[in-house]
Amino acid sequence: MTGRRSHTPPLYAPNGARLDDVDLELLRRLKADARIQNQTLARALGLSPSGCLKRVRRLEEAGAIKAYVAIAEESMFASWSMLWVSIKLRRRAHKRRGDFEAALRATPEVIEAHSVAGRFDYILKMALPSVSAWDGLRERLDPENGFIKSVDVLPGLRTAKEKSPHPLLSLREQS
């Protein structure tokens, strides 16, 4: 595809398969509309329908496409509190990070959890019925008080920008 930035380093799927410009454009289009019909996608990419379907299946098998999802309208959940929680682990808990991360994954109220460098070890995005529900959730995440050393809880006020795709999936062809 012409007009792409040539200084972009090569991209690889989780299984190590190298992705080309057609793969990247296919991912861009699926990110914009995961329900696009294969024939429409093939036509947009200049591929045959069977060739397009093979590429989609290859990207799925390679782990480049993890899932197809429906994004719910957040305003439906306006009565819930969105919290950003920064967590510092106790020194001895670092050896058992896997156990703590398993507890995070098993907690539906934790929407996202990121291990970070700096003053805190984790930043969590959470949805709770109220800010006061945090105390009960903390007890569930750390019932023996062995993991969490300190916490900063920041209530979200409004979303200034929705989650967007990786910048390489946002680039458009330059005319």
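The values are calculated or read from the model by the stated rules, or taken from the named source; none is laboratory data. Worth saying up front: this structure is predicted, and the values here are computed from it rather than measured. Heads up, the Cβs are rebuilt from the backbone with ideal geometry, glycines too, and the neighbour counts pull from every protein chain shown.
Take the conditions part of a helix (DSSP H, G or I), acidic (Asp, Glu) and touching a residue at least 12 places away in the same chain (Cβ under 8 Å) and apply them to Glu25. Does it pass?
Working: part of a helix (DSSP H, G or I): yes; acidic (Asp, Glu): yes; touching a residue at least 12 places away in the same chain (Cβ under 8 Å): yes.
Here the answer is yes, as Glu25 does meet what is asked.
Take the residues of the range 26-46 that are out of contact with any Lys or Arg (no Cβ under 7 Å at 6 or more places or on another chain) and surrounded by 14 or more Cβ atoms within 10 Å (Cβ to Cβ): which is farthest from Pro167 (Cα to Cα)?
Taking the candidates together, the pick is Ala42.
State whether the residues of the range 14-22 include one that is β-branched (Val, Ile, Thr) and out of contact with any Lys or Arg (no Cβ under 9 Å at 6 or more places or on another chain). Steps first, please.
Initially, the range 14-22 is screened for residues β-branched (Val, Ile, Thr), giving 22.
Those left that are additionally out of contact with any Lys or Arg (no Cβ under 9 Å at 6 or more places or on another chain): none.
No: zero hits.
Here Ser170, Ser130 are screened, and the one residue that is closer than 21 Å to Phe77 by Cα, of a type outside the set (Val, Ile, Thr) and not assigned by TED's automatic domain parsing to the domain that holds Asp21 is Ser130. Considered as a group, the residues in the range 69-119 that are more than 17 Å from Val151 (Cα to Cα) and aromatic (Phe, Trp, Tyr) include one that is modelled with the highest pLDDT, and that residue is Trp80.
When Val56, Val85 are screened for being in contact (Cβ under 8 Å) with a residue 24 or more places away in the chain and not assigned by TED's automatic domain parsing to the domain that holds Gly136, only Val56 passes.
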